[in-house]
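What follows is calculated from the coordinates using simple rules that are stated; it is not laboratory data. All figures in this text were calculated on a predicted structure; none of them were measured in a lab. We place every Cβ from the backbone using ideal geometry, glycine too, and count neighbours over all the protein chains shown.
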Amino acid sequence: MPQIQRKESLNGPSNRLVRYSTIKEWPEDERPREKLIKHGASSLSESELLAILINIGMKNFSAVDVAKQLLYDYKSLKNIGSLSVADLRQKKNKGIGTAKAVTIVAAFELARRISSSGTENDEPIRSPEDVKNRFGSQLRDLKQEVFMVLSLSSSNRIIRDRIITRGLLNSSLTHPREVFREAILENAASVILLHNHPSGNLEPSREDIAITKQIVEAGKIIGIPVHDHIIIAGHGFTSMMERGLM
């Protein structure tokens, strides 16, 4: 068994019992990778799964120690999943360099995309709730606003979804030409606008309403109607079409 001793945590003194030995010195049945191969991913704890992404620890701290410290500092996987590379590279997150931060962010983004693609792409969009179910998990935990456009076929199936802008929504960044450029090339029959409110506020802002009306008018001229503009905030959503704001 690995030697168990009292030592400091990554961020200061602690009475936690931690392992001084490296994971390679652990019995095979206790090593995260070997456990996953032998018993499946579901047999691993959250810290063990994170440790596989972290890969290598630091002096006197295994990858599992670093993972446990992250979970202790940020309280949950959900909170860790909302962090950016810059957030993870903060000085307090010892043992997390650029490569590890990129790996963690990429893994959580893949998880969000898998979750958001739970409805098969050939399923038509029938309601605002369909859009929320498809993309809510991808957007709800982001720390900055993301504006997306969904290009739809004549049968309301998604041809493509794409991010137009990141950051606060404003008319200088979210121009109708950016919304419709790809939609025209894709022969889209219509589009749906979609963005998130990291604040959790479901109410459309004045800027949201103004931009929506501008894009709707442009769509009428081009011949590609805007079916809706949906705002994702936390686990809820607002349909601007249903609210009569278009």
- [ ] Tell me the label-point distance for the pair N60, S154, using the 7 Å Cα-to-Cβ offset, in nm and rounded to one decimal.
- [x] 7.1
Task: FRET E, pair L77, R243, Förster distance 35 Å, beta-carbon r, rounded to 0.05 - done: 0.55
- [ ] For G234, enumerate residues with amide H under 5 Å from its amide H, sequence gap 5+ or separate chain, H modeled in the peptide plane.
- [x] H197, G200
Open item on the list: Can you compute the modelled spin-label distance between A86 and N187, with each label point 7 Å from Cα toward Cβ, in nm?
Closed with: 4.3
- [ ] Using the Cα centre as the reference, give the magnitude of the dipole from point charges on the C-beta atoms of the chain (Lys, Arg: +1; Asp, Glu: -1; all else neutral), rounded to the nearest 20 debye.
- [x] 920
Open item on the list: Quick check for me: using +1 on Lys/Arg Cβ and -1 on Asp/Glu Cβ, what's the dipole size of segment 167-227 about its Cα centre, in debye to the nearest 20?
Closed with: 140
- [ ] Determine, from the Cβ-Cβ distance of R33 and E129 and an R0 of 45 Å, the FRET efficiency 1/(1 + (r/R0)^6), rounded to the nearest 0.05.
- [x] 0.65
Open item on the list: About the Cα centre, and with charges only on the beta carbon of Lys, Arg (+1) and Asp, Glu (-1), how big is the dipole of segment 120-239? Nearest 20 debye, please.
Closed with: 220
- [ ] Give the label of the value calculated from the structure for Rg/Rh (Cα atoms, Kirkwood Rh), choosing from (1) 0.98; (2) 1.10; (3) 0.95.
- [x] (2)
TODO: Go through 56-67, 73-84, 207-218 and give me the packing order, highest mean Cβ count within 10 Å leading.
DONE: 56-67, 207-218, 73-84
- [ ] Subtracting the Cα-Cα distance from 0.36 nm times the residue separation, let me have the gained length for E46 to H175 in nm, one decimal.
- [x] 42.2 nm
TODO: If a/c stays under 1.5 just call it rounded; otherwise compare a/b with b/c (prolate if a/b is bigger, oblate if not). Do that for segment 120-239, with a ≥ b ≥ c from the square roots of the Cα gyration tensor eigenvalues.
DONE: oblate
TODO: Can you pull the one-decimal nm distance between simple spin-label points at E203 and Q144, each 7 Å off the Cα toward Cβ?
DONE: 2.6
